[in-house]
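Below you'll find the structure, written out as structure tokens, and then a few comments.
The values are calculated or read from the model by the stated rules, or taken from the named source; none is laboratory data. All of these numbers come straight from a predicted model, not from anything done at the bench. Note that each Cβ is placed from the backbone with ideal geometry, even for glycine, and that neighbours are counted across all protein chains shown. Heads up: the accessible areas ignore ligands, DNA and RNA and are worked out on the full protein's heavy atoms, side chains in. Shrake-Rupley method; radii C 1.70, N 1.55, O 1.52, S 1.80 Å.
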Amino acid sequence: MTSTPSGEWVYYDTEMTDNNGRLTYTLPIDKRLSQGMYPVKMVVRGDHTCADFYLTVLPPKTECAVFSIDGSFTASVSIMGKDPKVRPGAVDVVRHWQELGYMIVYISARPDMQAKRVTAWLAQHNFPYGMVAFMELKSDPLKQKTNHLKTLINEAQIEIKAAYGSSKDIHVYQNAGIKPNNMYIVGKLSRSAKQSTLSSQIVHISDGYAAHLEMLSVHQTRPAMGNARMLIRKSCFGLPCNRTKSQHKLLTKSMSLTGGTLSDKAEDNSSGIVIGRSGNTVVKAGQIGAGKAVQSRGKSPRAKVQQP
């Protein structure tokens, strides 16, 4: 959708997926996009199921605040536990950085198949709207997080001015090249983290987010250079639509795949974000490699790529 939020879907191309149901697509020069955030829908030709995600084109040197979701936002160990409680003050800290004009980036080592549940949790607790990145279903998810952050820094040319997480994220951020004094570690430090040479340089949030927010206010964190709100709206995540099974069937029967109109047959299978680099070349979240526009999972060898 090239004209958001109320534009029409624009058909881009039809491509073949690989044996793993993935594909790579580079936007043609005459169809490259200006800075902004665009919904993208990929439709499988066979059964009309689809995958939805967002393509974000950013100016170079966009300043960001990164938040690792599991452990740093929840009082329990994992966001996937039974009714995980949000840490008091966590939402206010994210809003603080958003108010200063920083791009909000949420990152999780979880696979994109859990995206819907995680984003629903963010919406339930009114977290500010931002870009959300999930990893592939492979071994060593922490290494994938590191590589993804490196891609954002080196290819998308973003500048990470604050990185929040738990003690397991210290080495992730260190290996990604983030400065220790820009790391904000929540909760108890592990034994290895205490023994690390970085322990005296990182900011350890031991007294909770409320005290940390007061500290940020006292030290008057500088506003971001530029304003991310011109690219991403200032709002919270929207809760997913709760359709009944009969309502869903009725909707799929009333819509057909003709021209640029898409079937609503499939469940939303959001796969995170795509970040733009200078020249509007984009890199899919969780994937490495410059010059690649989109990589996503499909359910049959043929998929239609549609850019709204």
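Summary of values
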| quantity | calculated |
| --- | --- |
| Test result for residue 200, of a type outside the set (D, E, K, R), buried (at least 20 other Cβ atoms within 10 Å of the Cβ) and free of Cβ contacts under 8 Å to residues at least 60 places away in the same chain | no |
| Every residue from the range 126-149 that is among the aromatic types (Phe, Trp, Tyr) and crowded, with 22+ Cβ neighbours inside 10 Å | 127, 134 |
| Scan of the range 1-57 for residues that are closer than 24 Å to residue 130 by Cα, exposed (fewer than 14 other Cβ atoms within 10 Å of the Cβ) and not polar (S, T, N, Q), ordered by number | 5, 7, 8 |
| Residues that are at pLDDT 90 or above and not in a helix (DSSP H, G or I), drawn from the range 178-207 | 178, 179, 183, 184, 185, 186, 202, 203, 204, 205 |
| Scan of the range 30-55 for residues that are closer than 18 Å to residue 14 by Cβ, part of a strand (DSSP E or B) and either of a type outside the set (A, V, I, L, M, F, W, C) or free of Cβ contacts under 8 Å to residues at least 12 places away in the same chain (or both), ordered by number | 41, 52 |
| Selection count where residues are aliphatic (A, V, I, L, M) and closer than 22 Å to residue 164 by Cα, scope the range 49-67 | 3 |
| Conditions (1) part of a helix (DSSP H, G or I); (2) modelled with pLDDT of 75 or more; (3) under 30 Å from residue 38 (Cβ atoms): number failed by residue 223 | (1) |
| Residue pairs meeting the criteria (Cβ under 8 Å; at least 6 apart or on separate chains; first within 14 Å of residue 162 (Cα to Cα), in the range 205-220; second modelled with pLDDT of 90 or more and part of a helix (DSSP H, G or I)) | 205/211; 205/212; 212/93; 213/92; 213/93; 213/96; 216/93; 216/96 |
| Residue selected from the range 102-122 under the condition in contact with a Gly (Cβ under 7 Å, 6 or more places away or on another chain) and either charged (D, E, K, R) or at pLDDT below 90 (or both), by the criterion surrounded by the most Cβ atoms within 10 Å (Cβ to Cβ) | 112 |
| Filter pass, residue 41 being under 30 Å from residue 184 (Cα atoms) and of a type in the set (Lys, Arg) | no |
| The listed residue being open to solvent by 10 Å² or more (accessible area, probe 1.4 Å) and modelled with pLDDT of 90 or more, out of 160, 170 | 160 |
| Single unsatisfied condition, residue 217 versus (1) open to solvent by 40 Å² or more (accessible area, probe 1.4 Å); (2) of a type in the set (Gly, Ala, Ser); (3) modelled with pLDDT under 85; (4) not in a loop (DSSP other than H, G, I, E, B) | (3) |
| Hits in the range 41-100 - residues which are at pLDDT 90 or above, among the aliphatic types (A, V, I, L, M) and in contact with a helix residue (DSSP H, G or I) (Cβ under 6 Å, 6 or more places away or on another chain) | 65, 90, 93 |
